[in-house]
Amino acid sequence: MSSSVEQWVDEVSRSTHPDHVVWCDGSDAENDRLIDQMVSDGTLIRLNQQTLPNCFLHRSNPQDVARTEHLTFICSEDPEDAGPTNNWMSPKEAKDKIRPLFDNAMRGRTMYVVPYLMGPAQSPYAKVGVEITDSPYVVANMRIMTRMGKVALDRIKQGADDWVPGLHSLGDLSPDRRFIAHFPEERLIWSVGSGYGGNALLGKKCYALRIASTMGRDQGWLAEHMLILGLESPEGDVTYIAGAFPSACGKTNLAMLKSPLEADGWKVWTIGEDIDWLNIGPDGRLWAINPESGYFGVAPGTNGRTNPNAMTAVSHDSIFTNVAMTEDGNVWWEGMDGPPPAHVTDWQGNPWTPATGTKAAHPNSRFTTPATNNPALSSHWEDPQGVPISAILFGGRRARTIPLVYKAFDWDHGVFLGATMASETTAAATGAVGVVRRDPMAMLPFCGYNMADYWAHWLEMGRRATNPPAVFQVNWFRTDDQGRYVWPGFGENLRVLRWVRDQVRNGHGSARETPVGLVPTPEAIGTGELGLSAEDARILFDIDRDDWLREVEDQDAFLQKFGKHLPPTIRQQHQALQRRLSSVAVASS
Ligand code: OXD
Ligand code: MN
């Protein structure tokens, strides 16, 4: 054990006063012990072991079901370093406010010390963290989501002195005493008052995105809220594509996509489904690793059509949180295959029938499942150097304006697309659902520093990478006047990936140039083969000038927030879009 870790553990236990301290080794025996203990104290419910071997259900406190963005802080010395999109507190104020919540917080509890590695064990890009937590549920989830135990301690012993400490306590679970605080200058995380994944599994959003994004700024790489997939073509080549989508907008489904054109030789392989660390390789390309080793996916809506690979993955060795349970100990959620069961126990433990009128599963109920359960897992998912990325997708949930897919003219234009992307909010965070908000690169809740400085870093990465990926924007969620989704989505998204591959490998064919970027022809996507009408195709690829002029205005208001931090290139891209749109206006008047 490294003495620096021991020192920190001693210091924390002197203030939190746990009854016991357990150093986690990540072994099966340790996990079995923890699971048995949680089953006996009711933290976990053992599900039907015939149909769901080694699967368990956890019901959280009903006030602790999603990320709480208003209680999440970036505690940099200078508020400008947090920027206008983050909540800021000075490190001193944050520590003064939060420290008392940790005092004695672990009395009567066990303190677990969880060393973990983000990234494949052999990867030079992997990084170490140590989480102290008083939640055995967090430990069991961290074991799935990270490489936990000896493998991480070994790195520290071998001299990795940049390990990130993360202190977590459930506290009393009250939102009034909940803080998720990040100290980017010290590379430290403090989280108290929540057991929810995104707030409590500190390797995930807190480290692998917020703290890692600041490491990436300082060290010349990017930490992104992106899936990574490999698209195999009938010729046998594999094109690696990364995709940034806001929470609960289908990253997991796209990353695990089961190809409807498998018989023709098109197949998707998963590298990662939530987080992507991008480094510049010796060939000037961006190379991606997935720092995680499991998936923490949204359950409702997951079924044999939307994500058959996830349904297979979660059929064993998985933890479910806040889903419903059937009478025979199976799980159920809204949008699962088949009709709703006549009786279930809902996510809060109450009897439920289809007539009850509430959701049986919480809309942000989750599964935690090991990557190795995924039948579509790429054989390259743990390649130490990562996989070379040819295309980046930015996607949001937009009923109007944004076409199914379009391609940026070049890197700087692509960074502008990412910087100005927007999406309707979902249940992954507390607050109103369905409100359009700007969510740059899907990093609004996850960027650990000033968002405009982050765009400058993206632009700089494109200068340093001599062969950066092509950039695309996608939108699976366009609706017609009746509010019906026009695009079938899910497996059929393969058709969009196929066009993306064609663009990056074969250049600009099968596209038309518009003021916003290059839009595919309906034939190139195959809307006819899918049985979509000409009107559906029109809606999917339409660039409506009035909608876009409104969009440009709204972008302007957003960009203005960043004042002198806004990179001139982003401002110029915005002006160029405005010019291209107004020349269309002149041409058509
Ligand atoms: C997640 C999220 O859990 O983005 O991945 O909220
Ligand atoms: Mn996410």
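The values are calculated or read from the model by the stated rules, or taken from the named source; none is laboratory data. A quick note: this is a predicted structure, and the numbers were derived from the prediction, not measured. Every residue, glycine among them, receives a Cβ derived from its backbone with ideal geometry; neighbour counts consider all protein chains shown. Ligands, DNA and RNA are excluded from the accessible area calculation, which covers all protein heavy atoms including side chains. Shrake-Rupley method; radii C 1.70, N 1.55, O 1.52, S 1.80 Å.
List of remarks:
- Within the option set Thr72, Thr43, being closer than 26 Å to Pro18 by Cα, crowded, with 21+ Cβ neighbours inside 10 Å and either modelled with pLDDT under 95 or of a type in the set (Ser, Thr, Tyr) (or both) holds for one residue only, Thr72.
- Among the residues of the stretch 180-200, not one is outside any loop (DSSP other than H, G, I, E, B), open to solvent by 10 Å² or more (accessible area, probe 1.4 Å) and within 16 Å of ligand 1 (Cβ to nearest atom).
- Lys267 satisfies every condition listed in (1) closer than 19 Å to Arg501 by Cα; (2) without any contact (Cβ under 8 Å) to a residue 24 or more places away in the chain except (2).
- Within the stretch 214-261, the set of residues being among the aliphatic types (A, V, I, L, M), under 30 Å from Asp81 (Cβ atoms) and within 16 Å of ligand 1 (Cβ to nearest atom) comprises Ala223, Met226, Leu227, Ile228, Ala242, Ala244, Ala248.
- When the stretch 227-246 is filtered for residues that are in contact with a Gly (Cβ under 6 Å, 6 or more places away or on another chain) and farther than 16 Å from Trp476 by Cβ, the ones remaining, listed by number, are Ile228, Pro234, Val238, Tyr240.
- Which numbered condition Ala248 fails, given (1) within 14 Å of ligand 2 (Cβ to nearest atom); (2) crowded, with 24+ Cβ neighbours inside 10 Å; (3) of a type outside the set (Ser, Thr, Tyr); (4) under 30 Å from Met336 (Cβ atoms): (2)
- Pick from the stretch 435-458, criterion open to solvent by 10 Å² or more (accessible area, probe 1.4 Å) and more than 18 Å from the chain's Cα centre (by Cα), ranking: nearest to Phe73 (Cα to Cα): Asp453
- Of the helices (runs of 4 or more DSSP H) lying entirely inside the stretch 512-579, those containing at least 1 residues that are small (Gly, Ala, Ser) and touching a residue at least 12 places away in the same chain (Cβ under 8 Å) span 522-525, 534-541.
Residue-wise test of (1) under 20 Å from Trp277 (Cβ atoms); (2) without any contact (Cβ under 8 Å) to a residue 12 or more places away in the chain; (3) of a type in the set (Lys, Arg).
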site	(1), (2), (3)
Ala105	no, no, no
Thr110	no, no, no
Ala121	yes, no, no
Pro136	no, no, no
Met142	yes, no, no
Arg147	yes, no, yes
Arg155	yes, no, yes
Ser169	no, no, no
Ile180	no, no, no
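- Taken across the stretch 201-218, residues that are away from ligand 2 (no atom under 16 Å from the Cβ), in a helix (DSSP H, G or I), open to solvent by 10 Å² or more (accessible area, probe 1.4 Å) and over 16 Å from Ala105 (Cβ atoms) do occur, with at least one present.
- All conditions in (1) of a type outside the set (D, E, K, R); (2) under 30 Å from Glu262 (Cα atoms); (3) buried (at least 24 other Cβ atoms within 10 Å of the Cβ) hold for Thr239, with the sole exception of (3).
- Residue match in the stretch 149-163 (condition: assigned to a strand (DSSP E or B) and surrounded by 24 or more Cβ atoms within 10 Å (Cβ to Cβ)): no
- The stretch 46-60: number of residues that are touching a Gly at 6+ places or on another chain (Cβ under 7 Å) and open to solvent by 40 Å² or more (accessible area, probe 1.4 Å): 1
- Members of the stretch 16-26 found to be within 29 Å of the chain's Cα centre (by Cα) and open to solvent by 40 Å² or more (accessible area, probe 1.4 Å), listed by number: Trp23, Asp25
- Residues of the stretch 82-96 that are in a helix (DSSP H, G or I) and either open to solvent by 40 Å² or more (accessible area, probe 1.4 Å) or of a type outside the set (Gly, Ala, Ser) (or both): Pro91, Lys92, Glu93, Lys95, Asp96.
- Pairs meeting the criteria (first residue in the stretch 244-258 and in a loop (DSSP other than H, G, I, E, B), second residue near ligand 1 (Cβ under 8 Å from one of its atoms) and of a type in the set (Asp, Glu), beta carbons under 9 Å, at least 6 apart or on different chains) are Ser247/Asp274.
- Count - residues of the stretch 494-519 that are open to solvent by 10 Å² or more (accessible area, probe 1.4 Å) and under 22 Å from Ser233 (Cα atoms): 12
- Annotation: Pro282 fulfils all but one of (1) open to solvent by 20 Å² or more (accessible area, probe 1.4 Å); (2) touching a residue at least 24 places away in the same chain (Cβ under 8 Å); (3) away from ligand 1 (no atom under 16 Å from the Cβ); the unmet one is (2).
- Whichever residue in the stretch 262-279 is in a loop (DSSP other than H, G, I, E, B) and more than 16 Å from ligand 1 (Cβ to nearest atom) and, among such residues, is farthest from Asn493 (Cα to Cα): Gly265
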